[in-house]
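**Q** Here it is: the structure, laid out below.
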Amino acid sequence: MRYHINMRSAFVSDFGPIPAFEEDDYTQALGLFGKELGVPKAIIAMSGHWDTGLSALEISSSPYPPTIHDYSGFPEEFYQKQYPCPGNPALARRIEDKLNAQGFKTRLNKDRGLDHGVWVPLSRYIPRRIFLLSNSQFHPAKTPGKSSK
(Lines give C-alpha, C1' and ligand atoms only; values in the text may rest on other atoms or scores of the structure.)
Protein backbone atom coordinates (compact mmCIF):
# COMPACT_ATOMS: atom_id res chain seq x y z
CA MET A 1 0.00 0.00 0.00
CA ARG A 2 1.36 3.43 -0.93
CA TYR A 3 0.72 6.43 1.31
CA HIS A 4 0.76 10.04 0.23
CA ILE A 5 2.11 12.03 3.14
CA ASN A 6 0.26 15.28 3.73
CA MET A 7 1.80 16.01 7.06
CA ARG A 8 0.39 18.25 9.72
CA SER A 9 2.38 18.27 12.90
CA ALA A 10 1.72 19.41 16.42
CA PHE A 11 3.36 19.12 19.80
CA VAL A 12 0.85 17.92 22.36
CA SER A 13 1.79 17.40 26.01
CA ASP A 14 0.22 14.54 27.92
CA PHE A 15 0.27 16.21 31.39
CA GLY A 16 0.41 12.71 32.91
CA PRO A 17 -2.56 10.32 32.95
CA ILE A 18 -5.06 12.71 34.56
CA PRO A 19 -6.43 14.21 31.29
CA ALA A 20 -7.68 10.74 30.31
CA PHE A 21 -10.02 10.85 33.32
CA GLU A 22 -10.90 14.47 34.05
CA GLU A 23 -12.50 17.17 31.93
CA ASP A 24 -10.87 20.60 31.87
CA ASP A 25 -9.83 23.37 29.44
CA TYR A 26 -6.93 21.27 28.14
CA THR A 27 -9.03 18.20 27.36
CA GLN A 28 -11.73 20.36 25.76
CA ALA A 29 -9.08 22.04 23.58
CA LEU A 30 -7.77 18.63 22.48
CA GLY A 31 -11.29 17.58 21.54
CA LEU A 32 -11.81 20.77 19.52
CA PHE A 33 -8.43 20.30 17.85
CA GLY A 34 -9.48 16.81 16.82
CA LYS A 35 -12.82 18.02 15.46
CA GLU A 36 -11.19 20.80 13.43
CA LEU A 37 -8.54 18.60 11.86
CA GLY A 38 -10.76 15.60 11.38
CA VAL A 39 -9.73 11.98 11.65
CA PRO A 40 -6.45 11.34 9.85
CA LYS A 41 -5.65 8.18 7.92
CA ALA A 42 -2.59 7.72 10.11
CA ILE A 43 -0.77 9.30 13.02
CA ILE A 44 2.94 9.18 13.66
CA ALA A 45 3.57 9.80 17.34
CA MET A 46 6.96 10.36 18.94
CA SER A 47 7.11 9.84 22.67
CA GLY A 48 9.57 11.24 25.16
CA HIS A 49 8.51 8.44 27.52
CA TRP A 50 10.00 5.73 25.32
CA ASP A 51 13.72 5.54 25.88
CA THR A 52 15.44 2.24 25.24
CA GLY A 53 18.94 3.56 25.84
CA LEU A 54 19.90 2.19 22.43
CA SER A 55 21.66 4.21 19.77
CA ALA A 56 18.88 3.42 17.30
CA LEU A 57 15.42 4.97 17.02
CA GLU A 58 12.81 2.32 17.70
CA ILE A 59 9.59 2.33 15.72
CA SER A 60 6.57 0.35 16.85
CA SER A 61 5.43 -2.10 14.20
CA SER A 62 2.78 -3.76 16.33
CA PRO A 63 -0.50 -4.39 14.49
CA TYR A 64 -2.40 -3.84 17.79
CA PRO A 65 -0.20 -1.94 20.27
CA PRO A 66 -1.20 -2.53 23.89
CA THR A 67 -1.88 0.32 26.31
CA ILE A 68 1.08 0.90 28.64
CA HIS A 69 0.43 2.32 32.10
CA ASP A 70 3.90 3.76 32.70
CA TYR A 71 3.14 5.78 35.82
CA SER A 72 2.61 5.10 39.50
CA GLY A 73 0.79 6.40 42.55
CA PHE A 74 -2.66 6.82 40.98
CA PRO A 75 -6.02 5.21 41.82
CA GLU A 76 -6.63 1.68 40.46
CA GLU A 77 -8.96 2.95 37.69
CA PHE A 78 -5.95 4.67 36.10
CA TYR A 79 -4.39 1.26 35.47
CA GLN A 80 -7.53 -0.26 33.95
CA LYS A 81 -8.09 2.29 31.17
CA GLN A 82 -7.33 0.97 27.68
CA TYR A 83 -6.82 2.77 24.39
CA PRO A 84 -7.09 0.04 21.77
CA CYS A 85 -6.27 1.19 18.26
CA PRO A 86 -4.84 -0.51 15.20
CA GLY A 87 -1.14 -0.12 14.51
CA ASN A 88 0.33 0.16 11.04
CA PRO A 89 3.28 -2.17 10.40
CA ALA A 90 3.48 -1.12 6.72
CA LEU A 91 3.76 2.56 7.66
CA ALA A 92 6.33 1.67 10.33
CA ARG A 93 8.47 -0.01 7.66
CA ARG A 94 8.10 3.02 5.39
CA ILE A 95 9.16 5.35 8.22
CA GLU A 96 12.13 3.08 8.91
CA ASP A 97 13.16 3.20 5.23
CA LYS A 98 12.89 7.01 5.11
CA LEU A 99 14.86 7.49 8.33
CA ASN A 100 17.56 5.02 7.26
CA ALA A 101 17.91 6.87 3.96
CA GLN A 102 18.61 10.04 5.99
CA GLY A 103 21.34 8.32 8.01
CA PHE A 104 19.36 7.41 11.13
CA LYS A 105 19.85 4.04 12.78
CA THR A 106 16.43 2.47 13.34
CA ARG A 107 14.91 -0.71 14.68
CA LEU A 108 11.36 -2.01 14.37
CA ASN A 109 9.75 -3.20 17.60
CA LYS A 110 6.69 -5.42 17.10
CA ASP A 111 5.95 -5.62 20.84
CA ARG A 112 5.96 -1.94 21.80
CA GLY A 113 2.67 -0.52 23.02
CA LEU A 114 1.40 3.01 23.58
CA ASP A 115 2.76 4.78 26.65
CA HIS A 116 0.72 7.48 28.39
CA GLY A 117 2.56 10.18 26.42
CA VAL A 118 0.75 8.90 23.33
CA TRP A 119 -2.56 7.37 24.41
CA VAL A 120 -3.61 10.03 26.94
CA PRO A 121 -3.73 12.97 24.47
CA LEU A 122 -5.08 10.75 21.69
CA SER A 123 -7.92 9.57 23.94
CA ARG A 124 -9.15 13.19 23.96
CA TYR A 125 -8.07 14.15 20.44
CA ILE A 126 -9.61 11.13 18.70
CA PRO A 127 -11.67 9.09 21.15
CA ARG A 128 -13.04 6.79 18.40
CA ARG A 129 -9.63 5.20 17.57
CA ILE A 130 -10.33 4.68 13.87
CA PHE A 131 -6.88 5.49 12.53
CA LEU A 132 -3.66 3.63 11.98
CA LEU A 133 -0.87 4.53 14.37
CA SER A 134 2.87 4.23 14.24
CA ASN A 135 4.63 5.12 17.46
CA SER A 136 8.31 5.99 17.69
CA GLN A 137 10.70 6.83 20.46
CA PHE A 138 12.24 10.27 20.71
CA HIS A 139 15.97 9.82 21.09
CA PRO A 140 17.42 12.53 23.37
CA ALA A 141 20.99 11.98 22.10
CA LYS A 142 20.07 13.40 18.71
CA THR A 143 20.30 17.13 18.18
CA PRO A 144 16.94 18.95 17.93
CA GLY A 145 17.47 19.65 14.24
CA LYS A 146 18.33 16.05 13.49
CA SER A 147 15.44 14.64 15.57
CA SER A 148 12.88 16.81 13.81
CA LYS A 149 14.01 15.90 10.27
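The values are calculated or read from the model by the stated rules, or taken from the named source; none is laboratory data. Since this is a predicted model, take the numbers as computed values, not measurements. Positions of Cβ are generated from backbone atoms using ideal geometry, with glycine treated the same way; all protein chains shown enter the neighbour counts.
**Q** Residues being crowded, with 16+ Cβ neighbours inside 10 Å, in contact with a helix residue (DSSP H, G or I) (Cβ under 8 Å, 6 or more places away or on another chain) and part of a loop (DSSP other than H, G, I, E, B): count how many of those fall in segment 61-74.
**A** Here is the first cut: in segment 61-74, the residues crowded, with 16+ Cβ neighbours inside 10 Å are 61-62, 65, 67-69, 71.
When the remaining residues are screened for being in contact with a helix residue (DSSP H, G or I) (Cβ under 8 Å, 6 or more places away or on another chain), the result is 61-62, 67-69, 71.
Among the residues that remain, those that are also part of a loop (DSSP other than H, G, I, E, B) are: 61-62, 68-69, 71.
So the answer is 5.
**Q** Could you figure out which of (1) within 16 Å of the chain's Cα centre (by Cα); (2) more than 17 Å from residue 127 (Cα to Cα) isn't true of residue 40?
**A** With respect to (1) within 16 Å of the chain's Cα centre (by Cα); (2) more than 17 Å from residue 127 (Cα to Cα), residue 40 is out only on (2).
**Q** Hey, another quick one. Taking segment 88-116 as the search range and keeping residues that are of a type in the set (Gly, Ala, Ser) and surrounded by fewer than 22 Cβ atoms within 10 Å (Cβ to Cβ), which one is nearest to residue 34 (Cα to Cα)?
**A** So the first thing to find is which residues in segment 88-116 are of a type in the set (Gly, Ala, Ser), and the list is 90, 92, 101, 103, 113.
Narrowing further to those that are surrounded by fewer than 22 Cβ atoms within 10 Å (Cβ to Cβ): 90, 101, 103, 113.
On the way: 90: 24, 101: 32, 103: 33, 113: 22 Å.
Within segment 88-116, the match that is nearest to residue 34 (Cα to Cα) is 113.
**Q** Now for a different question. Could you list all residues from segment 117-149 that are modelled with pLDDT of 60 or more, part of a helix (DSSP H, G or I) and either surrounded by fewer than 12 Cβ atoms within 10 Å (Cβ to Cβ) or among the polar types (S, T, N, Q) (or both)?
**A** 123
**Q** Filter segment 63-82 down to the residues that are within 14 Å of the chain's Cα centre (by Cα) and in contact (Cβ under 8 Å) with a residue 60 or more places away in the chain and list them by number.
**A** If the condition is that a residue be within 14 Å of the chain's Cα centre (by Cα) and in contact (Cβ under 8 Å) with a residue 60 or more places away in the chain, then 65 is the only one that fits.
**Q** Still on this model: Give the residue, chosen from 58, 77, that is surrounded by 13 or more Cβ atoms within 10 Å (Cβ to Cβ), of a type outside the set (A, V, I, L, M), on the phi < 0 side of the Ramachandran plot and not in a loop (DSSP other than H, G, I, E, B).
**A** Working: 77 fails: surrounded by 13 or more Cβ atoms within 10 Å (Cβ to Cβ).
Of 58, 77, the one residue that is surrounded by 13 or more Cβ atoms within 10 Å (Cβ to Cβ), of a type outside the set (A, V, I, L, M), on the phi < 0 side of the Ramachandran plot and not in a loop (DSSP other than H, G, I, E, B) is 58.
**Q** Pull up segment 1-54, narrow it to residues that are part of a loop (DSSP other than H, G, I, E, B) and at pLDDT 85 or above, then point me to the one that is surrounded by the most Cβ atoms within 10 Å (Cβ to Cβ). Break it down into steps so the answer makes sense when it comes.
**A** First, pick out the residues of segment 1-54 that are part of a loop (DSSP other than H, G, I, E, B): 1-17, 21-24, 38-41, 48-54.
Those left that are additionally at pLDDT 85 or above: 16-17, 21-24.
On the way: 16: 13, 17: 20, 21: 14, 22: 9, 23: 10, 24: 10.
Result: 17.
**Q** I'd like the full set of residues that are under 14 Å from the mean Cα position of the chain (by Cα) and part of a loop (DSSP other than H, G, I, E, B), limited to segment 83-109.
**A** 83, 84, 85, 86, 88
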